[in-house]
Amino acid sequence: MVTRTRDRVGQVAAGVLISFLLGAMMAGVYAAPPIADAGPDRLDVAMHVAQTLDGTASSDPAGRPLLFAWKIITRPRGSAAMLVNPSSPTPSCTPVVIGT
């Protein structure tokens, strides 16, 4: 009977995953990462007016289709702003609190 602790199972799974990824990179499957381009920074936006972000200039050197997953990293205190359609290349957000 063979028994393993959870730590060892996790290490084995990680080792297999790393080995797979290294093999895939060596085979050229992951030649270069995608290039994210969200356009210029916007520092002067109107409060309570929807702002559309634009990632359509992003690209993949290998020509693979892109998937988008936008998220708000930080927000001003008291803000409850949310992204609308964060899996789109052009999500929107309405600022409701002045930030710094």
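Please treat every number below as a calculation from the coordinates, not as lab data. This is a predicted model, so every value here is computed, not measured. Cβ atoms come from the backbone with ideal geometry, glycine included; neighbour counts cover every protein chain shown.
Would you please classify the overall shape of segment 27-100 from the alpha carbon gyration tensor, given that a ≥ b ≥ c denote the square roots of the eigenvalues, rounded means a/c under 1.5, and beyond that prolate means a/b larger than b/c while oblate covers the rest?
Prolate shape, in that a/c is at least 1.5 and a/b is the bigger ratio.
Residue separation times 0.36 nm, minus the C-alpha to C-alpha distance between Arg75 and Ala32: what's the value?
12.3 nm
Starting from the 7 Å offset along Cα-to-Cβ, what nm value, one decimal, do you get for the label separation of Val96 and Asp54?
So the label points at Val96 and Asp54 sit 2.7 nm apart.
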